[in-house]
Amino acid sequence: MITVTGATGNIGRTLVELLAGAGEKVRAVSRQAAPDAGTTAGVEWVRTDSGTAAGLRTAVEGARALFLLLGGELNSRGEDPAALVGAARDAGVERIVLVSSLAGATRPDALSHARLREFESAVRSSGLDFTVLRPGGFASNAFAWAETVRTRRTVLAPFGDVALPVVDPADIAAVAAAALREDGHAGRTYELTGPEPVSPRRQAAILAEALGEDVSFVELTRAEAHAHLSRFMPEEVVDGTLDILGRPLPEERRVSPDVETVLGRPAAPFGAWAARHLPAFR
């Protein structure tokens, strides 16, 4: 059995489908019950707090592999990451695939990614087979524009011409599925990006092309973007996010070959993600 935490999110939901489709028994874990729980053959949905050792033991009971995604319960300043990973090991887990972040490596002093670095250290020292996934920015962050695109055919974003190789969460899920099911990935760290850098202004143009309608782009100042993000992000995360979006390091602009290396096909471009999720923007 494979346990998937964050099973209702952008990565987790796709990963559950991929694993079940490959014939794996899956325990899908989330803090809230999935709306379609129980409808997929081979999938057991469990509602528990995987941010506690007791909750994580419940999540991994009988599982040989664990997909570990730091959602709100794991990313909060709660139990020690080493204790959580140890609870999974003691419950019989043999393999962990951890979703970390590229910025956790490129910005080692950033408070916004400190918790991810702690989890990386914990899985590396656990004695288990492990694979660390370090994605860059997600293509799905464009969902933040859905409401203004639907109502005003407008994208509002800072740093309009700064291009980054955003990654399709479905590609992260596919790499995770390979690392959970196949040998040869133990001890590896994969940097996951899209196939080319794409700016917010260009993403707006791609959405316009997909919709067959004009979509205007309005560039926000850093202060305007800060005020917006502060409504739902901690201060250190807001500043860290804006630093990456506005002043990316060369390593954060780089296109990684790792998606293609693992999957044997190129990473999906932003346009493919937009086409799949076009109803959100209509």
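The values are calculated or read from the model by the stated rules, or taken from the named source; none is laboratory data. No experiment lies behind these values; they were computed from the predicted model shown. A quick note on method: Cβ atoms are made from the backbone with ideal geometry, for glycine too, and the neighbour counts reach across all protein chains shown. Keep in mind that these areas ignore ligands, DNA and RNA; they rest on the heavy atoms of the full protein, side chains included. Shrake-Rupley method; radii C 1.70, N 1.55, O 1.52, S 1.80 Å.
For Val175, state whether it is under 28 Å from Asp258 (Cα atoms), at pLDDT 95 or above and surrounded by 20 or more Cβ atoms within 10 Å (Cβ to Cβ). In short, yes.
The set of residues from the range 108-118 being open to solvent by 30 Å² or more (accessible area, probe 1.4 Å) and aliphatic (A, V, I, L, M) comprises just one member, Leu111.
With respect to Ser126, determine if the residue is part of a loop (DSSP other than H, G, I, E, B), at negative phi and either modelled with pLDDT under 95 or in contact with a His (Cβ under 8 Å, 6 or more places away or on another chain) (or both).
Working: part of a loop (DSSP other than H, G, I, E, B): yes; at negative phi: yes; either modelled with pLDDT under 95 or in contact with a His (Cβ under 8 Å, 6 or more places away or on another chain) (or both): no.
No, not satisfied.
I'm told Ser121 meets every condition in (1) touching a residue at least 24 places away in the same chain (Cβ under 8 Å); (2) closer than 22 Å to Arg254 by Cα; (3) surrounded by fewer than 22 Cβ atoms within 10 Å (Cβ to Cβ) except one. Can you identify the failing condition by its number? Every listed condition holds for Ser121 apart from (2).
Would you pick out the residues in the range 187-215 that are open to solvent by less than 60 Å² (accessible area, probe 1.4 Å), outside any helix (DSSP H, G or I) and among the small types (Gly, Ala, Ser)? Hits for the range 187-215 are Gly187, Gly194, Ser199. Cβ-Cβ distances below 8 Å connect the following pairs, each with a first residue in the range 65-84 that is open to solvent by less than 30 Å² (accessible area, probe 1.4 Å), a second residue that is at pLDDT below 65, and a separation of six or more residues or different chains: Leu68/Leu74; Leu84/Leu74.
Suppose we keep only residues that are closer than 17 Å to Leu242 by Cβ and touching a Lys or Arg at 6+ places or on another chain (Cβ under 7 Å) within the range 125-162. Which one would you say is surrounded by the fewest Cβ atoms within 10 Å (Cβ to Cβ)? Per the criteria, the residue is Asp161.
Out of Arg202, Arg124, one residue alone is closer than 14 Å to Leu68 by Cβ and of a type in the set (Lys, Arg). It is Arg124.
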